[in-house]
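Read the structure below first, then the notes.
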Amino acid sequence: QEMEVKGMSNIQIFISYSEDSTYHIKKIERIAEHLEKEGYIVYFYAKAPLGTNNMEFMQKIYQCDATIVIGTKQYKKKSTEIREGGAFFEACVLSREFMNKNYEKIIPIAFDEFNESFPEPFAINKGMRVKRVNNKFLANLSSELKNKF
């Protein structure tokens, strides 16, 4: 198992989300912490140090092996209707990745109904739906990521 964790230590995962609420961010934080314990390098803006430049941080999405998109109705609204802020920028980058045939890097996780949580075109990627970020969900996510990498 030690070899397996070392192999994952270079895999970088960016988490794209909208700041819907404090509770919502706490659920995402649990996912990020779990992935870090699994040996992944995780980019989660809520845990970035004070003074971090938001635009520079979002550019890290390009260097990552995968991007987990936490979809909610609010994420979809921010990225398609409001069209400003981090969720919009990240959705634009992800759409470009999708068009460039790097769509396998995009992993959607819906906190609301799947079809209401994501903008096109990456709403069609196979993903996961979750109501509670519990141990069962985290184990399933780990299993899926191990199969991917």
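The values are calculated or read from the model by the stated rules, or taken from the named source; none is laboratory data. Here the structure is a predicted model, which means the values were calculated and not measured. Reconstructed Cβ throughout: ideal geometry from the backbone, glycine too, with neighbour counts over all protein chains shown.
Just one of (1) at pLDDT below 85; (2) touching a Phe, Trp or Tyr at 6+ places or on another chain (Cβ under 7 Å); (3) farther than 19 Å from D20 by Cβ fails for K101. It is (2). Entry remark, region 48-59: residues being under 22 Å from T80 (Cα atoms) and part of a loop (DSSP other than H, G, I, E, B) number 0 in total.
If you go through region 60-78 and pick out every residue that is assigned to a helix (DSSP H, G or I) and within 14 Å of the chain's Cα centre (by Cα), you end up with 5. Any residue in region 44-62 that is at pLDDT 90 or above and surrounded by 16 or more Cβ atoms within 10 Å (Cβ to Cβ)? Yes, region 44-62 contains at least one residue that is at pLDDT 90 or above and surrounded by 16 or more Cβ atoms within 10 Å (Cβ to Cβ). Among the conditions (1) surrounded by fewer than 12 Cβ atoms within 10 Å (Cβ to Cβ); (2) touching a helix residue (DSSP H, G or I) at 6+ places or on another chain (Cβ under 6 Å), T22 misses just one, which is (2).
Pairs linking a residue in region 119-141 that is within 25 Å of Y103 (Cβ to Cβ) and at pLDDT 70 or above to a residue that is β-branched (V, I, T) and surrounded by fewer than 16 Cβ atoms within 10 Å (Cβ to Cβ), with Cβ atoms under 8 Å and 6 or more positions apart or on different chains, are P119/T80. Here is the figure for region 15-47: residues that are closer than 15 Å to I109 by Cβ, assigned to a helix (DSSP H, G or I) and in contact (Cβ under 8 Å) with a residue 40 or more places away in the chain total 7.
Could you tell me which numbered condition A87 fails, if it satisfies all but one of (1) within 20 Å of D20 (Cα to Cα); (2) more than 15 Å from the chain's Cα centre (by Cα); (3) at pLDDT below 80? Evaluating A87 over (1) within 20 Å of D20 (Cα to Cα); (2) more than 15 Å from the chain's Cα centre (by Cα); (3) at pLDDT below 80 leaves (2) as the failure.
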